[in-house]
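Peer 1: My questions all concern the structure below.
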Amino acid sequence: MLTATGLCLKRNGQTLLDDISVELPPGEITVLLGPNGAGKSTLLGMLCGLNRADSGRVCLAGVELSGMEPQLRARYLAMYTQQQPLNFPFRVAEVVALGCYPLLLDRSATAARVAACLQQFQLESLAQRDYTSLSGGEQQRVQVARVLAQAGPDCQVLLLDEPVSEMDLRYQQLLLQQIRMVAAAGVSVCCVLHDLNLAAQLADRVVLLQQGRMAAVGPVDSVMTERQLSDLYQVTVRKTDTLSGPVFISQSGP
Amino acid sequence: MSHRTIVIGLWVLLLISALFSLMTGPVAVDLSGVLDDSVASQVFWQLRLPRLMLTLLAGALLAITGAAAQSLFRNPLADPGLIGISAGAALSAGAMMVLLGSSVYLLGGLMLPLAAFAGGVLTTLLVARLSVTLQGVSVTNMLLCGIAINAIALAGLGGLKYLAGDQQLRQLSFWLLGSLNHSRWQDLLVLLVAAVPVLWLLPRYGQKLNLLLLGEQQAGLLGLNVVRCKRLMILLIALGVGAVVALTGIIGFVGLVVPHLVRLLTGPDNRRLLPLSALLGAVLLTVADSVSRLLVSPAELPVGIVTALVGGPFFLLLLTRRKRELNIC
C-alpha cells in the first residue's frame, strides 16, 4: 500500500500541492482527474519518490519512499511519465529491454520478458524498427511497454501519467485491459487520464484534483457527477447512463 | 555485420595502422633493425614508439569521452569541446606557457600537463556548478555554460597571444593546433595516469548511460542514482580530455566523428559504443598522425589540422544527411 500524507509543495510563491493525503490500496485502480495545471503530474512526481514535497511523506508499506535505495525502489514502483526525451535510434526491442534493468534478469530471461511485453502491446512487427522513426502513438506504446516490463513480480505500485494521450481507440482499450491485469495481480495503480469515458471504465476510485487540492475522492458513481465535473472543468458535462456504463459529453459554457 | 566481426576488424585495423605509423617518417625505420645500435633504432625507441603509444591512447581517450559526453547530454552532436573542457584546459596551459616562459619546463615538464588538467577539471566543475537547478542538473544550461566558457577561453588565449614573445607565440600556436610532435616516454606516463581509470571505468557504465538516454527522470525511476552517475561521468570525461589537451593541444572532431561512425555500425547501445569508439579513435588518430607526417615530409603538419580538415567536412555531411531525414519526416 502506498500512502501519502499531508503533501504540500510551493514553488515561486505558488501553491502546487495543498495538504494532499491519498492512499493507493493494493489491487485498486485510482484515476486522477483534473484540469491542466491542477497538479496531477506534480502529485505523481511526489508519489514516485523521486521528488520531495516541502512537507508530508510518501510511504510504501510504512517505509519512506524517497529514502529507499533507487534500485530497490525501481523493483517496487514503475511509472510512465509524459516526457519521453529518447532521441537516439535504439531498436524498439532494445528500448523495452531497458525496462528490465532493475529486475536483474539474465540475457535469456530479459529476451523472454521483452518478447512477452511486445506481444501484449502488439508491437512484435515493430521490434526491430528504429524507435525514432515511429509515430507518436507507436512511441507511446513502446514506452508504456517498457514501463510494464519493469513491473515485475516484486512490483507493488504502477503510476501512469496520461498513458493513452496519443493512442488510437484500439490501443487505448488494449492498455486499459493490461492495466486491469496488473491491478488484478495485487499492484496499486494510479493513472492520470483526461478522457472521462475511459476514466469511468477503468477506475475503481476517482480522485478529483483542483488547484493543488483534492476536490473529491470516491467511487465513479459518487464522484463523477455532472455537477462535480462541470465545476471542475468549467464546462457543461452531461452524463447519460447506458447499459455499458455511464457516458460523458462535454459542451462549451458553464 | 556481427559485433564480433566488427571487433576483430577494428583490432586488425589498429595493428596495421600502428605498424604503418612506426615505419612512417623522414628516417626510414626497418622493423628488423630496431635492436641494434643504429640511428634508426634510436629513432624507433625514442621517437616513433612513444609517439605511437601516445597517439593510440589520445585517440582512444578523445573518442570514448566524446561518446560518453554525447550520451550524458543526450545529444549526438555534443562533444567535450562543446562544454568547455578542452578550452578551459587549453587556456590554463597556455597561461602557464606564456607567463612562466622557459621555467614552464621545470618539474620534469609536468607543469604544462598539470596546468591543463587542472584547468579542464576546474572548468567542468564550474559548468556543473552553474548548471545545477532545482530539478537537478540541466543539460541545456550545461551546454550554454560551455558556450560561454569557450568564448571566455578563446578571448583569454587571444590575450595571451598578444602578450607572448615571438618564441612563445610560435610554441603556443603550434600546441593549440594539436600536435603529437615531441612525444616522450614521460608524457606517456602522464597520459596513462588518466587513461587507465577512464578506459577501465567508462565501458562499465554503458548500460547506465543507456538509461540516461531515456531521460534523467526515467533513469531515476529505473533505479539509477542519477546524480552520482552524472558526477562520475563528468569527472572521467574531464580527466580524459584534460590529459589529452595537456599533452597534445586541441585535436578536434575525433570525439565527434568516431562515435557517429560506430553508431552507424552497431547502433547507439553504449555497452558497445564506448569500447568500440575507443578502438576506432585509436585507429583514426594514428592514421591522421601518419598522414600529417607524410603530407609535408620531412616537416609535419600539426595533427589537429588533419583531423579538422577531414572531420569538419565529414561532420557537415552528417548534418546535411540529418537535415534531409528530418525534412522527410
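The values are calculated or read from the model by the stated rules, or taken from the named source; none is laboratory data. Note that the structure is predicted; figures quoted are calculated from it, not measured. Ideal geometry is used to build each Cβ from the backbone, glycine not excepted, and the neighbour counts take in all protein chains shown. Areas reflect the complete protein model, heavy atoms only, side chains present, ligands, DNA and RNA absent. Shrake-Rupley method; radii C 1.70, N 1.55, O 1.52, S 1.80 Å.
Peer 1: Among DSSP beta bridges whose residues both lie in the stretch A:2-251, state the antiparallel percentage, nearest 5.
Peer 2: Values: 27 of 44 bridges.
Bridges in the stretch A:2-251 are about 60 percent antiparallel.
Peer 1: Restricting to DSSP H runs of at least four residues, report the calculated mean residue ellipticity at 222 nm for chain B, -39500 (n - 2.57) per run over all residues, nearest 500 deg cm²/dmol.
Peer 2: -24500 deg cm²/dmol
Peer 1: Continuing with the same structure: Anyone know which of A:Val31, A:Val182, A:Val22 comes out most mobile in the 10 Å Cα GNM of chain A?
Peer 2: So, out of A:Val31, A:Val182, A:Val22, the one fluctuating most is A:Val22.
Peer 1: Let me ask another. Size of the dipole of the protein assembly as shown about the Cα centre, Lys and Arg at +1 and Asp and Glu at -1 on the beta carbon, nothing else charged, in debye to 20?
Peer 2: 480 debye
Peer 1: Follow-up question, since we're still on this one. Each residue of the stretch B:6-11 in order: what ³J(HN,Hα) in whole Hz does its phi give by Karplus 6.51 cos²θ - 1.76 cosθ + 1.60, θ = phi - 60°, with x for Gly and Pro?
Peer 2: My calculation for the stretch B:6-11 gives 5, 4, 4, x, 5, 5 Hz in order.
Peer 1: Modelling each spin label as a point 7 Å along the Cα-to-Cβ direction, I'd like the A:Asn197/B:Asn225 distance in nm, to one decimal.
Peer 2: 4.9 nm
Peer 1: Under a 5 Å amide H to amide H cut-off, with H placed in plane at 1.01 Å, what residues pair with A:Gln210 once short-range neighbours are removed?
Peer 2: So A:Gln210 has HN proximity to A:Ala215.
Peer 1: Pop out the ³J(HN,Hα) list for the stretch B:42-47 in order, Karplus 6.51 cos²θ - 1.76 cosθ + 1.60 with θ = phi - 60°, rounded to Hz; leave Gly and Pro as x.
Peer 2: These are the phi-based 3J(HN,Hα) values: 5, 4, 4, 6, 8, 10 Hz.
Peer 1: Residues of the stretch A:80-128 with accessible area at least 20 Å² lower in the all-protein-chain context than alone (1.4 Å probe)?
Peer 2: At a threshold of 20 Å² (probe 1.4 Å), the residues of the stretch A:80-128 that become less exposed are A:Thr81, A:Pro85, A:Leu86, A:Asn87, A:Phe88, A:Pro89, A:Phe90, A:Glu94, A:Leu98, A:Tyr101.
Peer 1: Give the accessible area for B:Asp187 in Å² (nearest 10); use a 1.4 Å probe, count only protein heavy atoms, and leave out ligands, DNA and RNA.
Peer 2: 20 Å²
Peer 1: What does the average come to when, for each residue of peptide A:49-56, you count the partner chain Cβ atoms lying within 10 Å of its Cβ? Spell out each step's value before the answer.
Peer 2: Values: counts 2, 6, 5, 0, 0, 0, 0, 0.
Rounded to a whole number, the mean comes out at 2.
Peer 1: Take peptides A:40-50, A:163-173, B:32-42 and line them up by average Cβ neighbours within 10 Å, highest first, as a rough protection proxy.
Peer 2: Taking the mean over residues of other Cβ atoms within 10 Å, the ranking is A:40-50, A:163-173, B:32-42.
Peer 1: Something else: Just to be sure I understand: with springs between alpha-carbon atoms less than 10 Å apart, which residue in A:Asn51, A:Asn197, A:Asn87 has the highest mean-square fluctuation in the Gaussian network model of chain A?
Peer 2: A:Asn87
Peer 1: Sticking with this structure for a sec: Other chains near B:204-213: what is the mean number of their Cβ atoms within 10 Å of each residue's Cβ?
Peer 2: Counting Cβ atoms of other protein chains within 10 Å of each residue's Cβ and averaging gives 2.
Peer 1: If you build a Gaussian network model of chain B, linking Cα atoms that sit under 10 Å apart, which residue out of B:Leu265, B:Leu154, B:Leu31 swings the most?
Peer 2: It is B:Leu31.
Peer 1: Moving to a separate point now. For A:Leu160, what residues show an amide H to amide H distance below 5 Å, using hydrogens built from the backbone and excluding near sequence neighbours?
Peer 2: A:Tyr80, A:Cys190, A:Cys191, A:Val192
Peer 1: Extension gain B:Leu100-B:Leu114, at 0.36 nm per residue separation less the Cα-Cα distance, in nm?
Peer 2: 3.7 nm
Peer 1: Please turn the phi angles of the stretch B:165-171 into ³J(HN,Hα) values with the Karplus equation 6.51 cos²θ - 1.76 cosθ + 1.60 (θ = phi - 60°), one per residue in order, whole Hz, x for glycine and proline.
Peer 2: Values, residue by residue: x, 3, 4, 5, 4, 5, 4 Hz.
Peer 1: Please name which of A:Ser250, A:Ser108, A:Tyr76 has its Cα lying farthest along the dipole of chain A towards the positive end, using unit charges on Cβ (Lys, Arg +1; Asp, Glu -1) and the Cα centre as origin.
Peer 2: Value: A:Ser108.
Peer 1: Oh, and also: Note down the relative contact order for the stretch A:1-97 as a percent, whole number, built from C-alpha pairs under 8 angstrom at least six residues apart. Display every interim value, and only then the final one.
Peer 2: Details: 106 pairs, mean separation 26.8, N = 97.
Relative contact order of the stretch A:1-97: 28 percent.
Peer 1: Now, a different point. With unit charges on the beta carbon (Lys/Arg positive, Asp/Glu negative), name the residue among A:Gln177, A:Thr132, A:Gln120 whose Cα is farthest towards the positive pole of the charge dipole of the stretch A:2-251.
Peer 2: A:Thr132
Peer 1: Is there a simple number for the mean count of other chain Cβ atoms within 10 Å of the Cβ of residues in B:222-229, and what is it? All intermediate terms of the calculation are to be shown ahead of the outcome.
Peer 2: Values: counts 14, 13, 5, 3, 2, 0, 1, 0.
Mean partner shielding for this stretch: 5.
Peer 1: Next question. B:Trp185: accessible area at probe 1.4 Å, nearest 10 Å²?
Peer 2: So the heavy atoms of B:Trp185 present about 100 Å² to solvent.
Peer 1: Still on this structure, please answer the following. Roughly how much accessible area, to the nearest 100 Å², goes out of reach of solvent when B and A pair up, both sides summed, probe 1.4 Å? Could you put the intermediate results ahead of the total?
Peer 2: Details: alone 16090 and 12480 Å², together 26410 Å².
Counting protein atoms only, the buried area is about 2200 Å².
Peer 1: Now for a separate question. Run the reach check for B:Lys208 against lysines, Cα to Cα strictly under 21 Å, same-chain hits fewer than 8 apart removed. What comes back?
Peer 2: The qualifying lysines are B:Lys230.
Peer 1: In terms of Cα to Cα distance under 19 Å, which lysines are near enough to A:Lys40, apart from those fewer than 8 places away along the same chain?
Peer 2: The qualifying lysines are A:Lys10.
Peer 1: Indicate the gyration tensor shape class of the stretch B:3-328 (rounded, prolate or oblate), computed on the Cα atoms with a ≥ b ≥ c the square roots of the eigenvalues: a/c under 1.5 is rounded; otherwise a/b larger than b/c is prolate and the rest oblate.
Peer 2: Oblate, because a/c is 1.5 or more while a/b does not exceed b/c.
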